[in-house]
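The block underneath contains the structure these notes are about, expressed in structure tokens.
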Amino acid sequence: MIRFLRQQATRWLVIMGFVEFFLLTMAVALAMRLRYVADPIGYASYSHHVVERGALFAASIILGMFALGLYQAQLRESLTGMFLRQVVGFMLGAFFLAILYYALPQAYIGRGVFALAVVGGLVSVVVCRVFFFNLMDAEVLKRRVLVLGAGHRAEYLIKWHRRRSDRRSFKVVGFVPVGDEHVVVPRDEVIALDAELYAWARREKIDEIVVGPDDRRGKMPMDALLECKQHGIEVTNLLRFLERESGKVKLTAYPSWLVFSEGFDGSTLRRVSKRAFDIFSAACVLALAWPLMLLTMLAIRIESGPGQPWLYRQERVGERGRTFALIKFRSMRTDAERDGVARWASKNDDRVTRVGRFIRKTRLDELPQLWNVLRGDMSFIGPRPERPQFVAELAAKIPYYQLRHCVKPGLTGWAQLRYPYGSSEHDAAEKLTFDLYYVKNHTLRFDLMIFLQTIEVVLFGRGAR
């Protein structure tokens, strides 16, 4: 059982999700008891199907917390930040419930019961998360990792996981130099094995061996690694380990690893499922957002005066390098680029109008891109579409930049969730690490997760400029 719990952090999140679902369901049952403690007749009339009602309540609240990124393995947040996310997640879940109760009046549990259930559920979830995160920080329950390699490549593991929260799910037992490899990692973390690899790993209860020497040629103990794998010890490439734990792809990865690694699913089934998801998502958002779009059009027209355009069309680079006309609500002056030179948007950009500043912050300016999604120029989820001038410049300087164009660009995406708005070559390179992770690992489930967590970006205005 201990070995099972020491596996990847996603197992902890799944277990925690089931526990929280149970606690939230029980919160409704307990709230029902408390609300009608002095009214047995009222309790009898409302208590039928209490488990089913509690399950709907729990599912809606968990959906709200999921949309706030609270079930994300790469979440790095303070206790205060985590609590605020939980509060907003509960508010979002309550909004989902309001829609649900309107559609299914028989599921309604009453205002008093609902208020008690929200308070009780929030307290129980906060206590549950404190307990779980303390468990995850316990050394005995962390996945024990041995790194084969102690050179520059192995050092990346230390650089990418400097903070304690970055190593919440695993503990690096040590680094083992391979051959005559030059040692770069701290000397106090270097280990000299005093037994055969499998015997040593079994004695030290190693769960995973990460392979990352600077030079593999003729020096890797392949038979020993195969023996470890046969006995249930996971053997992982260093780049795959970094990708899994950080949610991004290292730009200095050697091309052969990208060629032979899993991912880059371009099958017909995946393309059909992604297109169906795009059409359904765009249609749903359009059905909900059209009043906001009309108000935005009106606000732009009032500020700019008659005869001024309220839409803005700009050439962007799409799938396979093909260009298309991206449509947005106009948020800048009509003479923003009168000299014809493409510029990044900057903080407090004086080209942005007063209405434009608001719609950029709330992402309302992006809504006309739903037409691009329905037309097939874009996907709902994918890398941000860039202008041809920027693409040509960045592709010449940043390795693997063109790989982001092997899928359609998106209205929202993994990089937009994980990194703020970028306006420099450095920002573009950092965002590319997340774009490549998406391009390499995109699935329907991943798209759905990004779609829900985009709600957090809109609510908090993260990354807008």
* Taking each pair of different alpha-carbon atoms in region 142-246 once, compute 1/r for the pair, average those values, and report the inverse of that mean as the Kirkwood hydrodynamic radius in Å to one decimal. => 13.7
* How far apart, in nm, are the 7 Å Cα→Cβ label points at residue 107 and residue 390? -> 4.0
* Structure fact -> Membrane-span-like helices (DSSP H runs, Cα span along own axis at least 27 Å, mean Kyte-Doolittle at least -0.5) in the chain -> 9-35, 79-103, 111-137, 268-304
* Measuring from a point 7 Å past the Cα of residue 195 along Cα-to-C-beta, which residues in region 229-250 have an amide N at less than 18 Å? -> 229-234
* Structure fact -> To the nearest 0.05, the calculated FRET efficiency linking residue 272 and residue 123 through their beta-carbon distance, R0 being 60 Å, is 0.85
* Based on the mean of other Cβ atoms within 10 Å per residue, sort peptides 13-24, 387-398, 168-179 so the most packed one is first. => 168-179, 13-24, 387-398
* **Label-to-label distance, nm, for residues given as residue 80 and residue 219 (7 Å Cα→Cβ offset)** => 4.8
* What is the extension gain from residue 159 to residue 237, computed as 0.36 nm multiplied by their sequence separation minus the C-alpha to C-alpha distance, in nm to one decimal? -> 26.4 nm
* How big is the Rg/Rh ratio for the chain, C-alpha atoms only, Rh by Kirkwood, two decimals? -> 1.02
* To do: Evaluate region 292-332: find the radius of gyration of its Cα atoms, find its Kirkwood radius, and give the ratio Rg to Rh.
  => 1.13
* Structure fact -> Flagged as over-length at 20 Å C-alpha distance, from 205/229; 361/408; 229/440; 248/431; 328/440; 159/431, the pairs are 361/408; 229/440; 328/440
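Throughout, read-outs are computed from the coordinates displayed, never taken from laboratory work. Because the structure is a prediction, the values reported are computed rather than measured. Cβ sites come from the backbone with ideal geometry, for glycine too, and all protein chains shown count toward neighbours.
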